[in-house]
Structures are given as structure tokens and as C-alpha cells.
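Report on the following structure.
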Amino acid sequence: MSFSEKVLAMLKAIGEPVTVSINGENRVIDSLIQPMRYKNKLYLEQERNQLGFKDSECFLYLGPPEADFVGVERHTTIKTADRSYNVSRADRIVIEGKTQYIWAVLTLRIKDGEYDEL
């Protein structure tokens, strides 16, 4: 079994189905989204904005190369069954010239009826 096959098997076994919307085009894939924990516990802080408090917690995304949104992070939204995320940063993991998986840092998206149906 190749490395990319192992990654896809892992995502299928422990990942969850998510909808990746890239420039309005939706694709449902299995991916892994986990909270990022910092040793200085900065993830517990919240920021105040006009809408109230905003959770500044970040999440790590690992997904298959079929949903490649590297370079169009600002036009990408990732949705699970109960949450919606913006992409802060993304990159490809390439081994021997082939993209094995995509990783990204996600932030929670503020629910807004004008932009989100969630």
C-alpha cells in the first residue's frame, strides 16, 4: 500500500464527511478537523467585536488532494454537520512529485444569514 493510499484510508476510517466549497463549487469529502491546542492556552481567549465575542480558536484540517484549495483560501468554506469554517492558510504535502494530502489552518466562521445557510 502506497503512502497516499494509507492517507486516504486513514481519512476514511477516522475522518468525517465535510463539504468543501471552492468558488461556489461544492464537493463532499472525508477529512479530519481537530482543534489546535497551544501550550500557553491562547485558545481560551476570546476577542470582542461588534457582533459580540469571537472565539479565536484555530483548527487543523487534513484532507485528500481531490479538494485542493491552495491559492484560493479566501474563496473557500469548509462545512461539517454543525460548524462552518474559513481557511486561514493551506498547503500541499508533496512526496515524489505527487500531492499526498492538503493541510490547512481553519477558523470558525461567524454565522450570517446573508452569507451562510448554516
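Structural remarks
- Per-residue 3J(HN,Hα) values for segment 10-22, derived from phi via the Karplus relation 6.51 cos²θ - 1.76 cosθ + 1.60 with θ = phi - 60°, read 5, 5, 5, 6, 10, x, 10, x, 10, 9, 9, 10, 10 Hz in sequence order (x marks Gly and Pro).
- Gyration tensor (alpha-carbon) shape descriptor, segment 1-40, a/c threshold 1.5: oblate
- Per-residue ³J(HN,Hα) for segment 70-75, Karplus 6.51 cos²θ - 1.76 cosθ + 1.60, θ = phi - 60°, Hz, x for Gly and Pro: 5, x, 10, 4, 5, 10
Values in this text are rule-based calculations from the coordinates and carry no lab data. Computed from a prediction, not measured in an experiment: that's the story for all the values here.
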